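Sharing a structure below in structure tokens format, with a few things to ask.
Values quoted throughout were computed directly from the atomic coordinates according to the rules given, and no laboratory measurement underlies them. These numbers come from a predicted model, not from an experiment. Because the Cβ atoms are built from the backbone with ideal geometry, glycine has one as well, and the counts that use them run over all protein chains shown.
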Amino acid sequence: MFKRDRWQEIIEVLTTNWFRTVLTAFGVFWGILILIILLSAGKGLENGIKADFGDIATNTMFMWTRSTTKAHMGLPIGRRFQFKVDDVKSISENIPNLRFISPRNQLRGFGNDNNVVRGINTGAYNVYGDYPEIINQDPMTITEGRFLNQNDILEKRKIAVIGAGVRNELYDRGEEVIGSYIKIQGVNFMVVGAYKKRSSDGDGEEAQKEIFVPFTSFSQAFNMGNDVGWMAITASDGTSISSLKEDIVSLMKNRHKIHPEDTRAVGYFDLYEQYNRVESLFGAMSFIAYFVGILVLLSGIIGVSNIMLIVVKERTKEIGIRRALGEDPWSIKKQILMESIFLTIVSGMAGIIIGALFIYGVNALLDANGPVDMFLNPSVSLGVVSIALLILVLSGLLAGFIPAQSAIKVKPIDALRTE
Amino acid sequence: MIEIKDLHKSYKMGSNALHVLKGINFTVEEGELVAIMGSSGSGKSTLLNILGMLDVADSGEYTLDGVPIKNLNETKAANYRNKFLGFVFQSFNLINYKSALENVALPLYYQRVPRKERQERAMKYLDQVGLKEWANHLPSELSGGQNQRVAIARAMASEPKVLLADEPTGALDSKTSYEVMDLIQKINDQGNTILVVTHEDDIAHMCKRIVYLKDGVIVEDKKVKQVRASAHV
């Protein structure tokens, strides 16, 4: 296959008519270029939208309480109820395959009166009572100090981890944060850490203006008792939270004496389901990209096939001579197939290279002009390029097949007679 | 060397068949130089094509160097042609984008002879036909006689058992024709078996035996006194 003579011959044949070869190659080049650009554009959109999900663990649901809409077991309609700390334990005991169950309490900041004071600075921030696991579900980068830990929970330490936004507003530039105190609704907390969240768009600013304190200290400081405001529940990898959510909700209904058919008493948001919806959209988009790209490529392949047929026709006599001299038909067939594959691969590679340069250009442009909404880092993976190459080899084979067949269909004696 | 018995061949021309060879019996010994003569349509080219395994007979036996030639598929035929036969055509049939040397080396390539050895052997045969200095020229840069000599070198390169020449001088003027015949005679002198199809009397008489074909049958088969071509050059 890698004989020098064969390659020499392939080059000789393809360079006999440069202009024609280049025109033919352009069809395949164009097809693969469009395939690559479509796929990378799809990927860019995907990256952009996925970035909006941020780093949040996507296999997660959030659950909170509302008022009942059905009377049940002697209890009236419209009853308010609260999740309790025991509910968390009950969920972890009864529902398998859960990775994190984080009960959370929250003081609303946004749109409320200022609830945090430090010296003469005040601000309105979201203050969360949390367990240390929350950092896995709602990831953030600790820029200074540390995050909450289990001892903070057990000893009910009055400590706080503050966001970059909080720090900017309450502290002077360069001022030491760790060890200082902030007053949250009149209760002093010592700052032990600062964080920064990665986020791409609008709500980024608010995400930096949060304060995390231990769940237990929060309950005690702000008189929550055993109440749990809401929960963030993440399933183990390999199990979707969507398949577990019914069980979790009905467990809660059971524990709080809610009518099993009361669909409104327990509120929840299934992030995984939303994420999957977006995922399947991208699946459809890449299908369309492949579909359109391959159709365009197909017209290029037909062009190659066409030209190979003409080349074979032109070389009928030569092929006759070769066969008279004893070249076996399979060798001739192989020669034609290799010419066709070589042509498609070379032009396809050119398409891939130009496509990559194009993507590089778009990325450079995006970098230079700042982020565009819902579009980020268009790219094609090595996997896609390998698929494209595979498609090229297959299409080269396809394009060469009919011409190769027609090359050996003519009997050598007839081939020799043609002028 | 060649033995054929009761060879028949007909071509279909629309609804009626054209019976071209009507029972040919014919033997060629090793080292013979045979001319096959006949007017056009006598079946001489068809006979040569069948001998050259470019065409198959309808019936009859064909044995080449003790090997029965029958039930050939294309691959087998190609293999036999490559091993047993050398072809010289009226129109040279050189591959026009390959140099003289590459053309001569082609049959050896199909025998999977390594590149270096192939070129050495091709050069040896080019030297024998006196075209060593023209080895790297394309056929379009050579004269008709030179091209035919390249073709003969190519036919000889695979060291065939039989050399088949179909009107080897048909496209050449008489002076070059004699040069080519001289070469063919010399090759024959080395003991090679050669069949020449021709319709020119003088060319035929430079062979050792003449077979006359008419309407698909052999009408005369005689040994002649060979006229040396070198006398005319």
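Quick check on the range B:77-97: of everything there that is of a type in the set (A, V, I, L, M, F, W, C), facing chain A (nearest Cβ under 8 Å) and without any contact (Cβ under 8 Å) to a residue 60 or more places away in the chain, which residue is nearest to B:ILE203 (Cα to Cα)?
Among residues in the range B:77-97 that are of a type in the set (A, V, I, L, M, F, W, C), facing chain A (nearest Cβ under 8 Å) and without any contact (Cβ under 8 Å) to a residue 60 or more places away in the chain, the one nearest to B:ILE203 (Cα to Cα) is B:ILE95.
Could you figure out which of (1) surrounded by 15 or more Cβ atoms within 10 Å (Cβ to Cβ); (2) over 19 Å from A:ASN105 (Cα atoms); (3) in contact with a Phe, Trp or Tyr (Cβ under 6 Å, 6 or more places away or on another chain) isn't true of A:ILE142?
For A:ILE142, the failing item is (1).
Sticking with this structure for a sec: Go through the residues of the range A:2-21 one by one and say whether even a single one is surrounded by 15 or more Cβ atoms within 10 Å (Cβ to Cβ), within 28 Å of the chain's Cα centre (by Cα) and not β-branched (Val, Ile, Thr).
So far as the range A:2-21 goes, no, none of its residues is surrounded by 15 or more Cβ atoms within 10 Å (Cβ to Cβ), within 28 Å of the chain's Cα centre (by Cα) and not β-branched (Val, Ile, Thr).
Further question on the same structure: Here's a check for you: in the range B:53-76, which residue that is within 13 Å of chain A (Cβ to nearest Cβ) and under 16 Å from the mean Cα position of the chain (by Cα) is nearest to A:PRO412 (Cα to Cα)?
Selected residue: B:LEU54.
Taking the range A:318-332, which residues are of a type outside the set (D, E, K, R) and facing another protein chain (nearest Cβ under 7 Å)?
Those that are of a type outside the set (D, E, K, R) and facing another protein chain (nearest Cβ under 7 Å): A:ILE321, A:ALA324, A:LEU325, A:GLY326, A:PRO329, A:TRP330.
Within the set of pairs 6 or more residues apart or between chains, which connect a residue that is in contact (Cβ under 8 Å) with a residue 12 or more places away in the chain inside the range B:169-180 to a residue that is of a type in the set (Ser, Thr, Tyr) and in a helix (DSSP H, G or I) with Cβ atoms less than 6 Å apart?
Listed by first residue and then by second, the contacts come to B:THR169/B:SER177.
Within the range B:1-43, can you find the residues that are surrounded by 13 or more Cβ atoms within 10 Å (Cβ to Cβ) and among the basic types (Lys, Arg)?
Once the filter is applied, which keeps residues that are surrounded by 13 or more Cβ atoms within 10 Å (Cβ to Cβ) and among the basic types (Lys, Arg), the range B:1-43 yields B:LYS5, B:LYS9, B:LYS22.
Yes or no: the range B:4-27 includes at least one residue that is within 14 Å of another protein chain (Cβ to nearest Cβ), part of a helix (DSSP H, G or I), aliphatic (A, V, I, L, M) and touching a residue at least 12 places away in the same chain (Cβ under 8 Å).
Within the range B:4-27, not a single residue is within 14 Å of another protein chain (Cβ to nearest Cβ), part of a helix (DSSP H, G or I), aliphatic (A, V, I, L, M) and touching a residue at least 12 places away in the same chain (Cβ under 8 Å).
Let me ask something additional. Taking the residues in the range A:388-416 that are free of Cβ contacts under 8 Å to residues at least 24 places away in the same chain and within 14 Å of another protein chain (Cβ to nearest Cβ) as candidates, determine which candidate is farthest from A:LEU337 (Cα to Cα).
For the range A:388-416, the residue satisfying everything is A:LYS411.
Do we find that A:ARG104 is at negative phi and crowded, with 16+ Cβ neighbours inside 10 Å in this structure?
It is true that A:ARG104 is at negative phi and crowded, with 16+ Cβ neighbours inside 10 Å.
Scan the strands (runs of 3 or more DSSP E) fully inside the range A:82-163 and keep the ones with 2 or more residues being more than 28 Å from the chain's Cα centre (by Cα), closer than 20 Å to A:GLU206 by Cα and of a type outside the set (D, E, K, R).
A:98-107, A:116-118, A:121-123, A:126-130, A:159-163
Do the conditions hold for B:ALA122, that is, is it surrounded by 18 or more Cβ atoms within 10 Å (Cβ to Cβ) and either small (Gly, Ala, Ser) or part of a loop (DSSP other than H, G, I, E, B) (or both)?
Against the criterion (surrounded by 18 or more Cβ atoms within 10 Å (Cβ to Cβ) and either small (Gly, Ala, Ser) or part of a loop (DSSP other than H, G, I, E, B) (or both)), B:ALA122 qualifies.
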